[in-house]
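Peer 1: Let me give you the structure first, and then I'll get to my questions.
A short reminder: the numbers here are calculations on the coordinates, not readings from a lab. Being a predicted model, the structure only gives us computed values, none of them experimental. No Cβ is skipped: glycine too gets one built from the backbone with ideal geometry, and neighbour counts run over all protein chains shown.
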């Protein structure tokens, strides 16, 4: 099926953001229309049941953002996204069912240019869910063309990296460590930052806000593409040089620990319940006692998670970085950190990896 585009939309200033809902389920389209229409910042301007109808609508009508189903008849949402981003990049929020195959497709979508990916609701339709959908769709619609271009450029970075080599690395003793927090837009951002790090450098621990199944797929994807060994953090495995570990979505927070000079992680209960679990703040705060050996970076994301933890690290002697507004998909988390003085260096996305690498190498030479 060939899908081509020719219409250019114009994003209005203070007018409601125009939303096109693309989903093969009439029930889901109707529910999303009701949810989105309830937010005065958003306006549903159309619905499409498949890629062809979506293309036809976009050729005739302007839209600021799409909600896009992954599994659709004729052409999958992933294939449609690929063609859309080549022809006329625009903000897209993917809607995925929580299945192994679906989560893998969702990660591919995020890497190929989608702004965000949400799990399709199956049972719970409460106010918290509807508010979350509206917030994420609105912020996706506010993404500037320059930020979309950054994501598209980033999406091809990791694909060119050789697969990880099997190795028997010893646990990292008396060295430095890198901590990274990210949320909306983080998949493409991490795929830009991580390749710039030393393949045999300090361990990297990451909190990326994402559903648990998506994190499994994301870690597997990175492990196939990176020099480093990438896996979900666990309490039994000491961190080795070159390791990249992601905090799992297991309803527990991931925290850093050090025993006998060896880095590791531990899990903490989500009590009282935090807005995000795992939370960047919990990871960053747990490393304050080892701050002089820590290099921490806060990347693109909605909200304020990580700001207070980054400040605590900075005040204790860590090296701290924030992604700049021009390259963030959502300049929320780095903005919050910068506002309270937690960011020592604010850099464009393509500069962060090299700067973090240099900082971690310097701190690795410091005596414990």
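Peer 1: Please arrange 139, 354 by counting, for each residue, the other beta carbons lying within 10 Å of its beta carbon, fewest first.
Peer 2: If I rank by nearby Cβ atoms, fewest first, I get 354, 139.
Peer 1: Now for a separate question. Can you tell me how segment 211-368 classifies by the Cα gyration tensor, rounded, prolate or oblate, using a/c under 1.5 as the rounded cut?
Peer 2: Note, shape of segment 211-368 comes out rounded.
Peer 1: Order these by the 10 Å Cβ neighbour count, fewest first: 191, 49, 315.
Peer 2: 315, 49, 191
Peer 1: Under a plain spin-label model, where a point goes 7 Å from the Cα along Cα-to-Cβ, how far apart in nm are residue 262 and residue 56?
Peer 2: Placing both labels 7 Å beyond Cα along the Cβ direction yields 6.4 nm.
Peer 1: Can you bin the chain into rounded, prolate or oblate? Criterion: square roots of the alpha carbon gyration tensor eigenvalues sorted a ≥ b ≥ c, rounded for a/c under 1.5, prolate for a/b above b/c, oblate for the rest.
Peer 2: prolate
Peer 1: May I pose another question? According to a simple spin-label model (label point 7 Å from Cα along Cα-to-Cβ), what is the distance in nm between residue 131 and residue 88?
Peer 2: Here the modelled spin labels are 3.5 nm apart.
Peer 1: Same structure, new question: Of all DSSP beta bridges located in the chain, what percent are antiparallel, nearest 5?
Peer 2: Antiparallel bridges make up about 20 percent of those DSSP assigns within the chain.
Peer 1: Now a separate question. Just want the ordering: 277, 117, from fewest to most Cβ atoms lying within 10 Å of their own Cβ.
Peer 2: 277, 117
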